[in-house]
Amino acid sequence: MSDVSTTSEAQAGSTDQIKPFMVEAAGVRGRVVRLADAVQEVLSRHAYPAPVAGVLAEMLALGAALGSLLKFEGIFTLQTKSDGPVRTMVVDMTSEGNLRGYADYDADAVAAVAKDRTSLEVSDLLGEGYLAFTVDQGANTERYQGIVQLTGSKLADSVQHYFRQSEQLSTALRSAAGQSEDGGWRAGAIILQQMPAEEAKEQGLSRDSEREEGWLRALTLLSTAKDQELLSEELTPNELLFRLYHEDGVRVFPGRDLAFGCRCSRDRVSQVLISVAPNDLESLKDNGRVEVICEFCRTAYHFDDDDLRVLQENADAEMPRN
């Protein structure tokens, strides 16, 4: 029997959620991520061409899925650096569930590669480069970072390549992004992990062969999930999981809401400006003021001569006296 409700979850309100689940008979656990409002909020602040918007939307779903597997208090970041038309993408999620992201790209190069093409692979947009995972838990903690070469036709291929190289638990991913009929963007992902041997035994899989058979069965079923199902407004995460894994007894746990959230502020920008040498700061002025625009949310912060003078005076007052 499957411990999963197939009633509509729309009544719960949030269009952006992570749903943990477990397939006990297969010795597998995982997460389903659905994003709508958060993706749209990120993309609406930039005039991204459709190919760039699509790959960034998919990366937001992957970032949320990967971050949800970790126990951390701070920020999980997923970042690409490459030599293709899309030079950089950054997505991060706080431990509170706030998502943000941006892409740096060459508009002419994107237009050229997309010309006369009905679909693009990630390699067409990113070229050669790497994907980095970073967990930052703040001051007085060691930052963790993992790096893997970009490979495959989708970002999820690079993530799976990282897990294969790192000798961690067997992991599999499916991700997708797309636009609805009204032009709004949605993204979704499913991530599976094989339970450790001891945990699988607690679920009744006493032999390694049973554990491996369960994992292969879970992978086969995951491969049947269509992009439309990952993105569907009508098919809830619970219904999707029931469709995939009901024969093996899928158990779905309470979901967690996600939302767009940028951490920029005037105070944060002020601290950066204080560290800039006076001559360099003068060169940044345009029409007598310095303008700093957040790459994530595009909020503009302006500082005129009086603002800069007050910042410097406050910084001088806080310096320790001998």
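By the equivalent-ellipsoid construction on the alpha carbon gyration tensor, the chain comes out with semi-axes of 40, 23, 19 Å, ordered largest to smallest. Pairs of C-alpha atoms in region 54-144 farther apart than 15 Å represent 61 percent of all such pairs. Taken along the Cα-to-beta-carbon direction at a fixed 7 Å, the label points for Asp182 and Tyr144 span 3.9 nm.
Ranked by solvent-accessible area (1.4 Å probe, protein heavy atoms only, all chains present), the residues Cys297, Cys264 order from largest to smallest as Cys264, Cys297.
Work the Kirkwood hydrodynamic radius out for region 222-322: mean of 1/r over every pair of different alpha-carbon atoms, inverted, in Å. Every distinct Cα pair counted, the radius reaches 18.6 Å.
Solvent-accessible surface of the chain, taken per residue with a 1.4 Å probe and all protein chains present: 52 Å².
Given 0.36 nm per residue, what is the gain on full extension from Asn287 to Leu69 after removing their alpha carbon distance, in nm?
Stretched out fully, the Asn287 to Leu69 stretch lengthens by 73.7 nm.
Estimated translational diffusion coefficient (Stokes-Einstein, Kirkwood radius over Cα pairs, 4 °C, 1.567 mPa s) of region 46-90: 110 µm² per second.
Based on the Cβ-Cβ distance from Asp108 to Thr224, what FRET efficiency comes out when R0 is 41 Å, to the nearest 0.05?
Rounded to the nearest 0.05, the efficiency is 0.55.
Pull out a ≥ b ≥ c, the square roots of the eigenvalues of the alpha-carbon gyration tensor of region 136-215, then state rounded if a/c is under 1.5, prolate if not and a/b is larger than b/c, and oblate in the remaining case. Taking the square roots of the gyration eigenvalues as a ≥ b ≥ c, region 136-215 is oblate.
Looking only at region 249-286, which residues have a backbone nitrogen under 15 Å from a spot 7 Å from the Cα of Gln137 in the C-beta direction? Under cut-off, by backbone N: nothing. By the equivalent-ellipsoid construction on the alpha carbon gyration tensor, region 206-278 comes out with semi-axes of 45, 19, 12 Å, ordered largest to smallest. Only protein heavy atoms count here; under a 1.4 Å probe, Glu199 has an accessible surface of about 50 Å².
When the chain is treated as a GNM with alpha-carbon contacts under 10 Å, the residue of Ser265, Ser44, Ser119 showing the greatest mean-square fluctuation is Ser119. Here the dipole of the chain is about 500 debye; that uses its Cα centre as origin and unit charges on the Cβ of Lys and Arg (positive) and Asp and Glu (negative). Cβ-Cβ distance of Asp305 and Ser153, R₀ of 45 Å, FRET efficiency by 1/(1 + (r/R0)^6): the value works out to about 0.30. The calculated P(r) of region 124-172, using every Cα pair and 5 Å bins from 0, goes 5, 20, 24, 21, 14, 10, 5, 1, 0 in percent. Taking Cα centre as origin and charging only the Cβ of basic (Lys, Arg, +1) and acidic (Asp, Glu, -1) residues, the dipole magnitude of region 205-322 rounds to 320 debye.
Among the helices of the chain, those built from whole DSSP H runs whose Cα atoms reach 15 Å or more along their own axis and whose mean Kyte-Doolittle hydropathy is at least -0.5 are 50-68. Across all C-alpha atoms in region 147-304, the radius of gyration and Dmax reach 23.5, 73 Å.
A straight chain from Arg266 to Asp83 at 0.36 nm per residue would run longer than the Cα-Cα distance by 62.6 nm. Comparing Arg289, Arg217, Arg45 in a Gaussian network model of the chain, where Cα atoms under 10 Å apart are tied by springs, the biggest mean-square fluctuation is seen for Arg289.
Rolling a 1.4 angstrom probe over region 90-141 with all protein chains present gives an accessible area of which 42% lies on carbon and sulfur atoms.
The modelled label-to-label distance between Glu96 and Glu212, using points 7 Å beyond Cα along the C-beta direction, is 4.7 nm. Remark: the Ala50-Asn279 segment gains 78.4 nm on full extension, using 0.36 nm per residue and subtracting the alpha carbon distance.
The values are calculated or read from the model by the stated rules, or taken from the named source; none is laboratory data. Just so you know, these numbers come straight off a predicted model, no measurement behind them. Please note: Cβ atoms are built from the backbone with ideal geometry, for glycine as well, and neighbour counts cover all protein chains shown. We work out accessible area using only protein heavy atoms, side chains counted, and drop any ligands, DNA or RNA first. Shrake-Rupley method; radii C 1.70, N 1.55, O 1.52, S 1.80 Å.
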